[in-house]
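Only one structure is covered here, and it is reproduced in the block below.
The values are calculated or read from the model by the stated rules, or taken from the named source; none is laboratory data. As the structure is a computational prediction, the values presented were derived from the model and not from experiment. No Cβ is skipped: glycine too gets one built from the backbone with ideal geometry, and neighbour counts run over all protein chains shown.
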Amino acid sequence: MHNVFMTESESFRFANTVRSLSTVVRERGYSVPAFKGPPNLGEYSRTLRRNRDGSLTISVVFRGRAWLSTLSDIVEGFVIANSHLDKAHQLRDLLWSVIEERELSKVNGDGLSPPCHSLSSAA
């Protein structure tokens with residue numbers, strides 16, 4: 001039962017993050033791709049599908065992997081969907097700023113998420 005609740009929590013976090021970032025992207029005049037998870041091809045953590053209408057669907061693995069890796073795939077999905085624009089590279093910076101401002105990279109300390117391991121540097 002604990003695993004079911006954890007999965008719901010990860011799904012909720014993924015959906016809310018995509019929704020939050022999509023709002024900002026749309027407000028700035030960028031294209032918003034559809035997001036879903038996980039990809040049908042189990043060996044990949046992110047896949048892209050160009051739909052008949054020209055829209056893009058990004059599939060992302062968000063269960064059982066580092067949340068920052070998932071966030072990176074979400075951000076890159078938005079950038080790829082807007083790669084036809086000269087300013088698409090600015091979108092990446094915008095999204096990471098929103099992630100930081102809204103603390104979307106933080107994992108709640110509710111014990112439901114995989115533990116985060118700290119890395120230290122000798123520098």
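Odds and ends about this structure:
- Breaking point among (1) among the polar types (S, T, N, Q); (2) under 21 Å from Ser11 (Cβ atoms); (3) touching a helix residue (DSSP H, G or I) at 6+ places or on another chain (Cβ under 6 Å), for Asn82: (2)
Here is a yes/no grid of residues against (1) within 15 Å of Leu68 (Cα to Cα); (2) loosely packed, with under 11 Cβ neighbours inside 10 Å; (3) at pLDDT below 95:
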| residue | (1), (2), (3) |
| --- | --- |
| Arg92 | yes, no, no |
| Ile99 | yes, no, no |
| Gly111 | no, yes, yes |
| Pro114 | yes, no, yes |
| Ala123 | no, yes, yes |
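- Subset of segment 52-62 that is of a type outside the set (Gly, Ala, Ser) and either free of Cβ contacts under 8 Å to residues at least 40 places away in the same chain or touching a His at 6+ places or on another chain (Cβ under 7 Å) (or both) - its residue that is surrounded by the most Cβ atoms within 10 Å (Cβ to Cβ): Ile58
- Unique match (being at pLDDT 95 or above and in a loop (DSSP other than H, G, I, E, B)) among Arg52, Arg65: Arg52
- Residues that are over 11 Å from the mean Cα position of the chain (by Cα) and among the charged types (D, E, K, R), drawn from segment 56-100: Arg63, Arg65, Asp86, Lys87, Arg92, Asp93, Glu100
- Any hit, segment 36-51, residues being under 12 Å from Leu95 (Cβ atoms), surrounded by 13 or more Cβ atoms within 10 Å (Cβ to Cβ) and touching a Leu at 6+ places or on another chain (Cβ under 9 Å): no
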